[in-house]
Protein chains: 2
Amino acid sequence: MIYMDNAATSWPKPNSVYTKVLKTMKKYGANPGRSSHTMAVEAANIILYGREMLCQLFNISDPFRMIFTFNTTDSLNLAIKGILKEGDHVVTTSMEHNSVIRPLMHLADFGIETTIVPADSQGLIDPKDIEKSIKPNTRLIVTTHASNVTGTLLPIEEIGAIARNYGMYYLLDAAQTAGCLAMDLSKLPVDLVAMPGHKGLLGPQGTGVLYIREGIELKQIREGGTGSLSESIYQPDLMPDRYESGTLNTPGIAGLGAGVEYILNYGQEKITKHIANLEKLFINAFSQIEGVRIYGPTNMKQRTGIISINIWDRDSREIVNILSQKYNIATRGSLHCSPLAHDTIGTKEQGTVRFSPGIYTTLDEVKTCIKAVGEISRKIKIRSI
Amino acid sequence: MIYMDNAATSWPKPNSVYTKVLKTMKKYGANPGRSSHTMAVEAANIILYGREMLCQLFNISDPFRMIFTFNTTDSLNLAIKGILKEGDHVVTTSMEHNSVIRPLMHLADFGIETTIVPADSQGLIDPKDIEKSIKPNTRLIVTTHASNVTGTLLPIEEIGAIARNYGMYYLLDAAQTAGCLAMDLSKLPVDLVAMPGHKGLLGPQGTGVLYIREGIELKQIREGGTGSLSESIYQPDLMPDRYESGTLNTPGIAGLGAGVEYILNYGQEKITKHIANLEKLFINAFSQIEGVRIYGPTNMKQRTGIISINIWDRDSREIVNILSQKYNIATRGSLHCSPLAHDTIGTKEQGTVRFSPGIYTTLDEVKTCIKAVGEISRKIKIRSI
């Protein structure tokens, strides 16, 4: 099978990830941070190692600012609900995933107002539009780093500078970029960064991360046992315990640590370049196939890792099924949980067929995909599909 | 190493659990429910299989009433916050884990009042005391099935009958019993059951379950992408999607499915009996060692799977360290995240040393533990430790 669905979950993982997950379950299977026996201490060390790897990749010194969550959605809910209160206003964009939009729509019932800044038809956001949307009660700007539909990169440095300038928080949804693009969190003007463990960071599913900049306190969204201050019936204020109630996913975090270690050894820049090269190949080839429409920016510098297309007027799900069944190529169709992005680019009915290459995608695999799309397009034209 | 910390996380797991986790990561590593390509469908089937195994074990017909969460704490937060609203009153007990007590204390700031029914010094709860605590605005009774400190079983059938009688909801925290004791959820008068995947159910960490009885609707605690109704910017009402936003822990759930399958094949009753036998052996032997104080019920029928002791007046953490370092025995000391239970049994300062045998614990291991405790107790008496 040719796997082109890395924007949903990266696959395969480095061998070291599989090995580390298995070893952790078999040899360090105790509960981290809950006792002082040898295996519990070893489990706790695995968790700390995961935090340290993330700190190294994102250039952060305090591992306790890296919070482990269930997934990016969990991270985003913690960040959004943790920072906002009744009467606040939020600025976001039309390129967001439902993991940002749905919590914000939910909060509308609790007196929190949202402005959705529209992108242009390539998914591009003008930072000036963000600035114009700011109100006296704006507390938070939240944007994705790159659209999961079009791959459009958002101008996060400019948006962050605006947030700093106006004294508000900037939450970055790095679902499509963490582990794919270099990010120096010691320099970037972002305050909160939500990341999946199971996409670019090459860890297993069931892992998410929220980076919380020093000095920021959030309300927690879960209270429970933390293995710390057990004498208290109130949630402790300690970092990272306040936000990590209950038993963590130790094998998952072990795998995530191994995934990040792999990126550090392999080189973030090399990964970025590899994916950018494949993306360019896709875009160049698709733009020459009759009947194929490519979405997102035409300027390669404004996009990353995701190639969304449609073939003639066919429903994207139909194309995904043909690609899977006839060509053994795994892509994703429909709306990718981002309805506003499809409103923006005009594909709410058709959806898009999304190709998302990964670290292990080969040139030959991309060529096979291109050939398949060409064939499908020709067959649709002569109505033989 | 002799592992006596199964009440925190069961270890080791059946081999089929390791194999299933690894196979899922390697062969079915796509995102479940997010696309129609073969591997995504296979991943979705694994999730469904996990639900079906749980349904079989707990005698439930609708797999979509079994919600997958991050851990028991996540399940309890969803159940508690999902059902309560301002002005409500909750009845709980002094034997609860902080995963129940801390959310309730948090909700006190939002106009939700809690009555904590005290247990006796063995951790026993009189259902009449629960009934007496009911007020006109009581919406929920929440209790543990068995104390994680003393192993005391709570009279859940009687408590559930009271809840039914008064028309209120009963949330059961089955952290210590799911997979250890038979539970027929088609008959038990419980409405919501929170369970860990990684304890008695023999799955990996990073997995939790919430059973939601037919007809009960909760407010969700996380909004986000669900792979369903993607055209909507509002959280869908569908089961189980409403409560499962974001990418699930597919490898973890695969392992949990394998763990439950193992229990079904091995026999729940056989597991219950095995652990009960080891418990009896522990209790009988410990009661004959000078200086050892055993907590919890003296009647074996009122307790399950957990043996908490202290040796003379020594801090439980000191004993845990000696057991780990000198005898290579893994136990847990201190308060086990249940401060009120320690208030109840009078061990808030000392904590308790907890032995929790599991499905793979052998008679010989128990004997070694008993011998070690005897030796430690004698050495403390003659002040050579």
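What to note about this one:
- Condition check for A:Thr92: β-branched (Val, Ile, Thr) and more than 9 Å from chain B (Cβ to nearest Cβ): yes
- Neighbours by Cβ (under 6 Å, 6+ apart or cross-chain): first from the range A:1-20, more than 9 Å from every other protein chain (Cβ to nearest Cβ) and closer than 20 Å to A:Thr250 by Cβ; second among the hydroxyl-bearing types (Ser, Thr, Tyr) and surrounded by fewer than 24 Cβ atoms within 10 Å (Cβ to Cβ): A:Pro14/A:Tyr262; A:Ser16/A:Tyr262
- Annotation for the range B:273-285: no member residue is in the same structural domain as B:Gly224 (by TED's automatic domain parsing) and in contact with a strand residue (DSSP E or B) (Cβ under 7 Å, 6 or more places away or on another chain).
- Any chance A:Glu231 is facing chain B (nearest Cβ under 9 Å), surrounded by fewer than 22 Cβ atoms within 10 Å (Cβ to Cβ) and of a type in the set (D, E, K, R): yes
- Filter pass, B:Leu140 being under 21 Å from B:Ile125 (Cβ atoms), more than 10 Å from the chain's Cα centre (by Cα) and surrounded by fewer than 21 Cβ atoms within 10 Å (Cβ to Cβ): no
- Restricting the range A:193-214 to residues that are hydrophobic (A, V, I, L, M, F, W, C) and within 13 Å of the chain's Cα centre (by Cα), the residue that is farthest from the other protein chains (Cβ to nearest Cβ) is A:Val193.
- Checking every residue in the range B:295-310 against the condition of being on the phi > 0 side of the Ramachandran plot and surrounded by 20 or more Cβ atoms within 10 Å (Cβ to Cβ) gives at least one match.
- Residues that are among the hydrophobic types (A, V, I, L, M, F, W, C) and on the phi < 0 side of the Ramachandran plot were ranked within the range A:198-224; the one that is surrounded by the fewest Cβ atoms within 10 Å (Cβ to Cβ) is A:Ile216.
- Residue under evaluation B:Ser36, criteria (1) at pLDDT below 95; (2) surrounded by 24 or more Cβ atoms within 10 Å (Cβ to Cβ), criterion not met: (2)
- So A:Arg317, is it out of contact with any helix residue (DSSP H, G or I) (no Cβ under 9 Å at 6 or more places or on another chain) and either on the phi > 0 side of the Ramachandran plot or not assigned by TED's automatic domain parsing to the domain that holds A:Phe355 (or both): no
- Looking across the range A:171-197, just one residue is hydroxyl-bearing (Ser, Thr, Tyr) and surrounded by fewer than 24 Cβ atoms within 10 Å (Cβ to Cβ), and that is A:Ser186.
- Picking from residues in the range B:172-192 that are within 14 Å of chain A (Cβ to nearest Cβ) and not small (Gly, Ala, Ser), the one that is nearest to A:Val21 (Cα to Cα) is B:Gln176.
- On inspection, A:Gly246 does not qualify as surrounded by 21 or more Cβ atoms within 10 Å (Cβ to Cβ), at pLDDT 95 or above, part of a helix (DSSP H, G or I) and in contact with a Gly (Cβ under 9 Å, 6 or more places away or on another chain).
Results for (1) hydroxyl-bearing (Ser, Thr, Tyr); (2) more than 13 Å from every other protein chain (Cβ to nearest Cβ), shown as yes or no for each residue.
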position: B:Phe68; (1), (2): no, no
position: B:Asp74; (1), (2): no, no
position: B:Ile80; (1), (2): no, no
position: B:Leu84; (1), (2): no, yes
position: B:His97; (1), (2): no, no
position: B:Thr115; (1), (2): yes, yes
position: B:Asp120; (1), (2): no, yes
position: B:Asp129; (1), (2): no, yes
position: B:Ala146; (1), (2): no, yes
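- Top-ranked residue of the range A:345-366 - restricted to ones that are more than 20 Å from the chain's Cα centre (by Cα) and not in a loop (DSSP other than H, G, I, E, B), ranked as farthest from A:Ala175 (Cα to Cα): A:Asp364
- Scanning the range A:234-243 for residues that are surrounded by fewer than 22 Cβ atoms within 10 Å (Cβ to Cβ) and facing chain B (nearest Cβ under 7 Å) returns a single hit, A:Tyr234.
- Selection status of B:Met183, in contact with a Phe, Trp or Tyr (Cβ under 9 Å, 6 or more places away or on another chain) and under 26 Å from B:Pro357 (Cα atoms): yes
- Taken over the range B:225-256, the residue count meeting the criterion of being free of Cβ contacts under 8 Å to residues at least 40 places away in the same chain and at positive phi is 2.
- Among residues of the range B:303-331 that are free of Cβ contacts under 8 Å to residues at least 40 places away in the same chain and within 8 Å of chain A (Cβ to nearest Cβ), those with a beta-carbon under 6 Å from a residue that is buried (at least 22 other Cβ atoms within 10 Å of the Cβ) and polar (S, T, N, Q) at least six positions away or on a different chain give the pairs B:Arg317/B:Ser334; B:Val320/B:Thr331.
- Between A:Ile271, A:Ile275, the distinction of being out of contact with any helix residue (DSSP H, G or I) (no Cβ under 9 Å at 6 or more places or on another chain) and at pLDDT 95 or above belongs to A:Ile275 only.
- Qualifying residue in the range B:72-91 (condition: surrounded by fewer than 22 Cβ atoms within 10 Å (Cβ to Cβ), assigned by TED's automatic domain parsing to the domain that holds B:Gly246 and within 23 Å of B:Leu335 (Cα to Cα)): no
- Test: residue in the range A:332-355 that is out of contact with any Gly (no Cβ under 9 Å at 6 or more places or on another chain), away from chain B (no Cβ under 12 Å) and of a type in the set (Ser, Thr, Tyr): no
- Of all residues in the range A:43-52, at least one satisfies being at the interface with chain B (Cβ under 9 Å from one of its Cβ atoms) and within 30 Å of B:Ile329 (Cα to Cα).
- Filter result (buried (at least 24 other Cβ atoms within 10 Å of the Cβ) and acidic (Asp, Glu)) within the range B:324-359: none
The values are calculated or read from the model by the stated rules, or taken from the named source; none is laboratory data. Predicted, not measured: the structure shown is a model, and the values here were computed from it. Heads up, the Cβs are rebuilt from the backbone with ideal geometry, glycines too, and the neighbour counts pull from every protein chain shown.
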